[in-house]
Amino acid sequence: MAVTKLHVKKDDLVMIVAGKDKGKSGKVLRVLPEKNRVLVENLNVIKRHTRPSQANKEGGIIEREASIAISNVQLVCPGCSKPARTGIKVLDDGSKVRFCKKCNEIVNN
């Protein structure tokens, strides 16, 4: 399976557009391109029941972020502050940049 280029990167601000956390936004902690999924800070939190181990002497219930399908998140544009689709532009100097399709603002890479 070929890994495709994704529309979000680490540290981007994204909004969830589908699922139990719809409408909430957060920062991307990690991108998993081989699975087409992302981890978003403090969103899609699950409870993991763990037994005591060397690393975790107590065990118990641990809350952590679960991955979200990348199709369920949209980048929040810094210019218009709304979730928007992104495109790729090639500038005069030959560099590629992402841009917001709503306001044509360049999104920092």
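Does the range 42-54 contain any residue that is small (Gly, Ala, Ser), modelled with pLDDT under 95 and more than 19 Å from ILE106 (Cβ to Cβ)? For the range 42-54, residues small (Gly, Ala, Ser), modelled with pLDDT under 95 and more than 19 Å from ILE106 (Cβ to Cβ): present. Considering the conditions (1) assigned to a loop (DSSP other than H, G, I, E, B); (2) at pLDDT 95 or above; (3) touching a helix residue (DSSP H, G or I) at 6+ places or on another chain (Cβ under 8 Å), GLY19 is excluded by exactly one of them, (2). With respect to the conditions (1) assigned to a loop (DSSP other than H, G, I, E, B); (2) in contact with a Pro (Cβ under 9 Å, 6 or more places away or on another chain); (3) among the β-branched types (Val, Ile, Thr), VAL14 falls short on a single one, namely (1). Within the range 83-95, residues that are exposed (fewer than 10 other Cβ atoms within 10 Å of the Cβ) reach partners that are assigned to a loop (DSSP other than H, G, I, E, B) with beta carbons closer than 9 Å, at six or more positions or on different chains, in the pairs SER95/ASN109.
Of the strands (runs of 3 or more DSSP E) lying entirely inside the range 58-109, those carrying at least 3 residues that are of a type outside the set (A, V, I, L, M, F, W, C) are 60-65, 86-90.
Residues checked against (1) outside the structural domain of THR4 (by TED's automatic domain parsing); (2) more than 19 Å from LEU6 (Cβ to Cβ); (3) touching a helix residue (DSSP H, G or I) at 6+ places or on another chain (Cβ under 8 Å):
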{"residue": "GLN54", "(1), (2), (3)": "no, yes, no"}
{"residue": "ILE68", "(1), (2), (3)": "no, no, no"}
{"residue": "LYS89", "(1), (2), (3)": "yes, no, no"}
{"residue": "ILE106", "(1), (2), (3)": "yes, no, no"}
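Screening LEU43 on (1) in a strand (DSSP E or B); (2) buried (at least 17 other Cβ atoms within 10 Å of the Cβ) shows it passes everything except condition (1).
Let's see how each residue does on (1) surrounded by fewer than 13 Cβ atoms within 10 Å (Cβ to Cβ); (2) within 25 Å of GLY87 (Cβ to Cβ); (3) assigned by TED's automatic domain parsing to the domain that holds LYS101; (4) over 9 Å from the mean Cα position of the chain (by Cα):
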| position | (1), (2), (3), (4) |
| --- | --- |
| LYS9 | no, yes, no, no |
| LEU13 | no, yes, no, no |
| ILE16 | no, yes, no, no |
| LYS22 | yes, yes, no, yes |
| ARG37 | no, yes, no, no |
| GLU58 | yes, no, no, yes |
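Among the residues of the range 94-105, not a single one is under 14 Å from the mean Cα position of the chain (by Cα) and modelled with pLDDT of 90 or more.
Find the residue count for the range 67-105, including only residues that are in contact with a His (Cβ under 8 Å, 6 or more places away or on another chain) and among the aliphatic types (A, V, I, L, M). The total comes to 2.
The values are calculated or read from the model by the stated rules, or taken from the named source; none is laboratory data. As the structure is a computational prediction, the values presented were derived from the model and not from experiment. Methodologically, a virtual Cβ is constructed for each residue, glycine included, from the backbone with ideal geometry; neighbour enumeration extends over all protein chains shown.
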